[in-house]
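Trainee: This is the structure I want to talk about, given as structure tokens.
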Amino acid sequence: MSKAVRIDRSGGPEELKIVEVEVGDPGPGEIRIRHHAVGLNFLDTYQRSGLYPFPMPLQLGMEASGIVEAVGEGVSHLQAGDRAAYASQPPGAYCEARVMPAKLVCKLPDAISFETGAAMMLKGLTAQYLLKKTLPVGGLQPGDFVLFHAAAGGVGLIACQWAKAMGLQLIGTAGSDAKCQTALAHGAAHAINYGNENFAERVKEITGGKGVKVAYDSVGKDTFEGSLACLQPFGLLTVFGNGSGPVPAFNLGMLAKGSYYVTRPTLFSHASGRENVQAMADDLFEVVQSGAVKIPIGQRYALTDVQQAHRDLEARKTTGCTILTL
């Protein structure tokens, strides 16, 4: 048996319930893993609220770390006793133990703690596919300006450090002066408090009127038009989240001003197979073990305090990564 967090219907944090579930043996292509820590992500709130609909009942959670207890037929890259971490479909990480597909689970290097492993997989792999794979015309070179919204969040603080390691000038936005200082401390070249500044105007000032090659936007509805205004000609707007709500329908003619590109990527399009996810994870593990990127865990909640964790996340009270402890 395992404690798990489940919802029976979409709604607010009050729908998150602690239940006992039976954990069986892994089938072909599966493993059973006993978690040491679980990552919390804004994506989880979309699934809980119904913005991203799933059949009910639903066990939430997209990333965790722990020890492999058993492997099913056909699994060759993992064995019982391995330290492991993952960011994986389907949801279900909010629990003590689970059976799940093995293809997106990676061995966790001994030098990386379970807490760091749980905090970094979904957010770190997201930063990886954004900065390394979701690129504007001509790619990114050292010295280029990029805009990154929610720069003090879990993905944002990883991206700040990774962008600096790549020689990029990351302009981060955040909702308070304190969060802006946090982004700067983690490698952002500039930080804008969008609560009291017009970020599009500030971006143009910082870049000498040129704009940025790419804007990485996980806020969505509230920042979409401003992000477009920050782009230089042939620039790319990457919308990878909906923190303020989904982007409404818009006239494609808006893109004609600078021959702009817009994309809506997802992690699981990039991490679609065993080889892809391992290559991405190896890149993440390397940059973390080098010390160029440190995984900032700003909050820890017991699994039984998951309702409060969701409330704090949605109220923008968290900084960096958040984990559920077991």
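Trainee: From the list ALA183, ALA191, exactly one residue is open to solvent by 10 Å² or more (accessible area, probe 1.4 Å), without any contact (Cβ under 8 Å) to a residue 60 or more places away in the chain, under 21 Å from LYS213 (Cβ atoms) and out of contact with any Lys or Arg (no Cβ under 6 Å at 6 or more places or on another chain). Which is it?
Mentor: Details: ALA183 fails: open to solvent by 10 Å² or more (accessible area, probe 1.4 Å).
After applying the criteria, what remains is ALA191.
Trainee: Does SER88 fit the bill of being of a type outside the set (A, V, I, L, M, F, W, C) and surrounded by fewer than 24 Cβ atoms within 10 Å (Cβ to Cβ)?
Mentor: no
Trainee: When both residues are 6+ apart or on different chains and their Cβ atoms are under 8 Å apart, which pairs have a first residue that lies in region 6-33 and is within 14 Å of VAL306 (Cα to Cα), and a second that is of a type in the set (Gly, Ala, Ser)?
Mentor: If the second residue must be of a type in the set (Gly, Ala, Ser), the pairs left are GLY12/SER49; ILE18/ALA4; VAL19/ALA4.
Trainee: For region 130-166, give me the residue count where each residue is farther than 13 Å from ALA188 by Cβ and touching an Asp or Glu at 6+ places or on another chain (Cβ under 8 Å).
Mentor: Selection size over region 130-166: 1.
Trainee: Look at region 107-138 and say how many of its residues are buried (at least 24 other Cβ atoms within 10 Å of the Cβ) and either in a loop (DSSP other than H, G, I, E, B) or charged (D, E, K, R) (or both).
Mentor: So the count comes out to 2.
Trainee: Any idea which of (1) open to solvent by 10 Å² or more (accessible area, probe 1.4 Å); (2) touching a Cys at 6+ places or on another chain (Cβ under 6 Å) is the one GLN141 doesn't satisfy?
Mentor: Single failed check for GLN141: (2).
Trainee: Out of the residues in region 9-43 that are assigned to a helix (DSSP H, G or I) and modelled with pLDDT under 95, which is farthest from ARG98 (Cα to Cα)?
Mentor: Top of the filtered list is PHE42.
Trainee: Can you go through GLY226, GLY243, GLY209 and tell me which one is open to solvent by 10 Å² or more (accessible area, probe 1.4 Å), part of a loop (DSSP other than H, G, I, E, B) and closer than 17 Å to TYR260 by Cβ? Spell out the reasoning first.
Mentor: Details: GLY226 fails: part of a loop (DSSP other than H, G, I, E, B); GLY243 fails: closer than 17 Å to TYR260 by Cβ.
Exactly one residue qualifies, and that residue is GLY209.
Trainee: If the Cβ limit is 8 Å and pairs must be 6+ apart or interchain, which residue in region 213-235 that is touching a residue at least 40 places away in the same chain (Cβ under 8 Å) and more than 16 Å from ASN198 (Cα to Cα) pairs with which residue that is part of a strand (DSSP E or B) and β-branched (Val, Ile, Thr)?
Mentor: Here the result reads LYS213/VAL146; VAL214/VAL146; VAL214/THR238; TYR216/VAL146; TYR216/THR238; SER218/VAL239; GLY235/VAL212; GLY235/VAL214, each pair linking region 213-235 to a residue that is part of a strand (DSSP E or B) and β-branched (Val, Ile, Thr).
Trainee: Given the criterion surrounded by 21 or more Cβ atoms within 10 Å (Cβ to Cβ) and of a type in the set (A, V, I, L, M), identify the matching residue among LEU252, LEU237. Spell out how you get there, then give the answer.
Mentor: Values: LEU252 fails: surrounded by 21 or more Cβ atoms within 10 Å (Cβ to Cβ).
LEU237 is the lone residue from the list that is surrounded by 21 or more Cβ atoms within 10 Å (Cβ to Cβ) and of a type in the set (A, V, I, L, M).
Trainee: Kindly evaluate VAL68 against the criterion of being open to solvent by less than 20 Å² (accessible area, probe 1.4 Å), touching a helix residue (DSSP H, G or I) at 6+ places or on another chain (Cβ under 9 Å) and either on the phi > 0 side of the Ramachandran plot or not charged (D, E, K, R) (or both).
Mentor: Details: open to solvent by less than 20 Å² (accessible area, probe 1.4 Å): yes; touching a helix residue (DSSP H, G or I) at 6+ places or on another chain (Cβ under 9 Å): no; either on the phi > 0 side of the Ramachandran plot or not charged (D, E, K, R) (or both): yes.
No; evaluated as a whole, the condition is false for this residue.
The values are calculated or read from the model by the stated rules, or taken from the named source; none is laboratory data. Given the structure is predicted, the values throughout are model-derived calculations rather than measurements. Every residue, glycine among them, receives a Cβ derived from its backbone with ideal geometry; neighbour counts consider all protein chains shown. Please note that ligands, DNA and RNA were not included when accessible areas were found on the heavy atoms of the full protein model with its side chains. Shrake-Rupley method; radii C 1.70, N 1.55, O 1.52, S 1.80 Å.
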